[in-house]
Structure formats: C-alpha cells, structure tokens
Amino acid sequence: MGTKGVEILGLDVNELIEMMNKALADEWLAYYQYWVGAKVIKGPMREAAAAELIEHANDELRHADMLANRIVQLGGTPVLSPHEWEEITNCGYASPEDPFVKKILEQNIEGEQCAIQVYNTILEKVKDKDPVTYEIVLEILTDEIEHEDDLQAVLEDIELMQRRD
Ligand code: FE
Ligand code: FE
Ligand code: MG
C-alpha cells in the first residue's frame with residue numbers, strides 16, 4: 001500500500017495482516033458451512049431456515065472480499081490456498097453430518113458466536129490506530145451480530161412450534 005497509508009498506522013502491520021488472514025480463513029469456511037448446510041437441511045421450517053443460511057453464506061463471501069481487499073491494501077497477501085484455511089482458522093469448520101434443522105442452526109450459531117469474539121478482538125486492536133480497518137471490521141461485526149440473532153430467532157420459532165401444552 002502507499003507509504004503514507006502505512007506510516008499513519010499506530011500498530012504492527014504484520015500482526016494485523018496475520019489476524020485478518022485468520023479471519024479470512026474463517027469467512028471461507030463459514031461460507032461453505034452455510035452454503036452446503038442450505039443444500040442438505042431437513043426438518044420443520046426447512047425453507048425459512050435454508051433462506052437464512054443462503055443469505056448468510058452470501059454475507060460471509062462479501063466479508064472475505066472486504067478482508068482480502070484490505071489485506072492487499074496493507075501490503076499483505078491474502079491466504080493463497082484453501083489447504084491453509086483449516087490450519088489458521090479461529091472458528092474451525094462444523095460439517096453438517098446431521099441435516100436436522102436444529103442441529104445445523106446450532107452449529108452455525110456457535111460459528112457466529114466465535115466470529116463475534118474474533119472481530120471484537122480485532123476491533124479493540126485497531127481502535128484509534130487504524131480507522132480504515134476499524135470501519136471495515138465494524139461493518140463485519142455488525143453483520144455477525146445480526147446473523148447470530150437471526151439464527152436464534154429461527155431456532156426459537158421451531159421450538160415454539162413443537163411446544164405441547
Ligand atoms: Fe462473516
Ligand atoms: Fe456470519
Ligand atoms: Mg439473516
């Protein structure tokens with residue numbers, strides 16, 4: 001990136017790039033977990049749940065794009081091989097072996113909770129030190145908080161639907 005653009009940063013750029021690459025790996029894994037989850041999901045409110053999963057998959061892909069663009073701007077290289085995703089991920093990958101809607105929702109809620117933690121940590125790091133990255137990460141964090149809330153709402157509706165009293 002431009003020399004002045006790096007000069008104004010009040011932090012260790014390489015450390016920030018590493019954190020952002022780990023988040024980038026998380027986003028690709030989250031993308032696939034949602035995308036394949038939407039294909040295999042079964043059970044009550046399958047269509048509503050699948051629509052939510054597809055929407056979230058698209059958001060995760062957009063997050064990956066935002067992170068990669070900023071990594072390049074910072075003078076870094078976005079993680080180049082999918083083989084590295086599993087090695088550097090913070091939040092891991094939960095494969096939807098059990099296609100039951102509640103199980104898939106729970107797996108993805110756990111992923112979102114991890115993502116919220118990760119982005120909150122990056123936000124603290126760049127706060128008052130790199131306003132451009134701050135804006136990008138804040139936008140992503142805002143989406144992850146909405147994702148968690150949306151998934152918990154679908155899960156709650158399914159549980160209410162199954163209530164017997
Ligand atoms: Fe995301
Ligand atoms: Fe998300
Ligand atoms: Mg949503």
- Set T142, T121, T133: member being within 16 Å of ligand 1 (Cβ to nearest atom), open to solvent by 30 Å² or more (accessible area, probe 1.4 Å), more than 29 Å from K39 (Cα to Cα) and of a type in the set (V, I, T): T121
- Task: Could you list all residues from region 70-112 that are open to solvent by 40 Å² or more (accessible area, probe 1.4 Å), in contact with a Lys or Arg (Cβ under 8 Å, 6 or more places away or on another chain) and within 24 Å of Y134 (Cα to Cα)?
- Result: I88, N90
- Query: Residue check, K22 against (1) in contact (Cβ under 8 Å) with a residue 12 or more places away in the chain; (2) within 23 Å of L141 (Cα to Cα); (3) more than 16 Å from ligand 2 (Cβ to nearest atom), all met but one. Which one?
  - Reply: (3)
- Item | Total residues in region 60-69, condition buried (at least 19 other Cβ atoms within 10 Å of the Cβ) and within 16 Å of ligand 3 (Cβ to nearest atom) | 2
- region 1-16, residues that are out of contact with any Lys or Arg (no Cβ under 9 Å at 6 or more places or on another chain) and in a helix (DSSP H, G or I): T3, K4, G5, V6, E7, V13, N14
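The values are calculated or read from the model by the stated rules, or taken from the named source; none is laboratory data. Bear in mind the structure is a predicted one, so any value in this text is a computation, not a measurement. All Cβ positions, even for glycine, are placed from backbone atoms using ideal geometry, and neighbour counts span all protein chains on display. Remember, those area values only see protein heavy atoms, side chains included, never the ligands or the DNA or RNA. Shrake-Rupley method; radii C 1.70, N 1.55, O 1.52, S 1.80 Å.
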